[in-house]
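One structure is given below, encoded as structure tokens.
The values are calculated or read from the model by the stated rules, or taken from the named source; none is laboratory data. These figures come from a predicted structure and were not determined experimentally. Cβ atoms come from the backbone with ideal geometry, glycine included; neighbour counts cover every protein chain shown. Remember, those area values only see protein heavy atoms, side chains included, never the ligands or the DNA or RNA. Shrake-Rupley method; radii C 1.70, N 1.55, O 1.52, S 1.80 Å.
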Amino acid sequence: MYLLRAGDRFALLGDPSPALVVALYAAVAVGAIPLVPSPLLTVSELTAILQDAEPHMIIHDEHHLEKVKTLIHLLEYSPQWFTTHEENSVSRSLPTLLKRLFSSRPTESVNAGAEDTAVLIYTGGTTGRPKGVMHSHRSKQIVFKNSFEVAEMAQETGCSARHFPFKQTSLFAKCRLGRF
């Protein structure tokens, strides 16, 4: 059994947390392609997105366990699924598995090209079914850079992050600034 390889798609489902950020960066380090749908989507909306994207793995937090169990039964394929929680009797625990697999830090990393797919984002579906949009590493670097600048500007002006129309990438800017 392997976890993720370069080019594999994986889905993260949960509320913003350090565990999901670590899972995201660890998977991206091996060249996997993240899909981070909103945890507010309904099961039918998530099913349509996951059926289209066919992620190899779903990583979820404890709050979304029931939603993931339902999704697994509705999908026409069988992705691996792991929880970010240490102990769980239903999902396999990603932290526990990684501790067993890697007694030391992995030495290999993937050198992705600027135009390789960095993330898969789904549109809102306002004109029909949501569609997957592949963003390159180059485009994500620009978004991250801008997110950091906006977060730093908020810090300098005394505004809180809630005053800015942040998207998923704000999570990373908040982590970088130590404001989680």
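Please give the number of the condition residue 27 fails out of (1) surrounded by fewer than 18 Cβ atoms within 10 Å (Cβ to Cβ); (2) modelled with pLDDT under 85; (3) closer than 23 Å to residue 141 by Cα.
Every listed condition holds for residue 27 apart from (1).
Out of (1) modelled with pLDDT under 85; (2) open to solvent by 60 Å² or more (accessible area, probe 1.4 Å), the odd one out for residue 66 is which?
Status for residue 66: all satisfied but (1).
Per-residue answers, yes or no, for (1) of a type in the set (Gly, Ala, Ser); (2) assigned to a helix (DSSP H, G or I); (3) within 15 Å of residue 82 (Cβ to Cβ):
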site: 16; (1), (2), (3): no, no, no
site: 20; (1), (2), (3): no, yes, yes
site: 25; (1), (2), (3): no, yes, no
site: 37; (1), (2), (3): no, no, no
site: 40; (1), (2), (3): no, no, no
site: 47; (1), (2), (3): no, yes, no
site: 65; (1), (2), (3): no, yes, yes
site: 68; (1), (2), (3): no, yes, yes
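Filter segment 70-107 down to residues that are part of a helix (DSSP H, G or I) and closer than 15 Å to residue 23 by Cβ and give me whichever is modelled with the lowest pLDDT. Spell out how you get there, then give the answer.
First, the residues of segment 70-107 that are part of a helix (DSSP H, G or I): 70-74, 94-101.
Filter again for closer than 15 Å to residue 23 by Cβ, leaving 94-99, 101.
Values: 94: 76, 95: 75, 96: 73, 97: 70, 98: 67, 99: 68, 101: 59.
Within segment 70-107, the match that is modelled with the lowest pLDDT is 101.
For residues that are crowded, with 18+ Cβ neighbours inside 10 Å, farther than 14 Å from residue 119 by Cα and not hydrophobic (A, V, I, L, M, F, W, C), tally how many sit in segment 6-15.
Residues that pass the stated criteria total 1.
Within segment 51-63, can you find the residues that are part of a helix (DSSP H, G or I) and over 24 Å from residue 110 (Cβ atoms)?
So the first thing to find is which residues in segment 51-63 are part of a helix (DSSP H, G or I), and the list is 51-53, 62-63.
Those that are part of a helix (DSSP H, G or I) and over 24 Å from residue 110 (Cβ atoms): 51, 52, 62, 63.
So is residue 3 open to solvent by 20 Å² or more (accessible area, probe 1.4 Å), within 19 Å of residue 95 (Cα to Cα) and part of a loop (DSSP other than H, G, I, E, B) or not? Give the steps one after another, and end with the answer.
Details: open to solvent by 20 Å² or more (accessible area, probe 1.4 Å): yes; within 19 Å of residue 95 (Cα to Cα): yes; part of a loop (DSSP other than H, G, I, E, B): yes.
So residue 3 fits the description; yes.
Restricted to segment 108-141, and to residues that are assigned to a helix (DSSP H, G or I) and open to solvent by less than 100 Å² (accessible area, probe 1.4 Å), which residue is modelled with the lowest pLDDT?
Start the filter on segment 108-141 by keeping residues that are assigned to a helix (DSSP H, G or I), which leaves 137-141.
Keeping just the survivors that are open to solvent by less than 100 Å² (accessible area, probe 1.4 Å) gives 137, 139-140.
Values: 137: 76, 139: 80, 140: 70.
Ranking the candidates gives 140 first.
Within segment 31-60, track down each residue that is surrounded by fewer than 17 Cβ atoms within 10 Å (Cβ to Cβ), among the hydrophobic types (A, V, I, L, M, F, W, C) and modelled with pLDDT under 90.
Residue satisfying the conditions is 40 alone.
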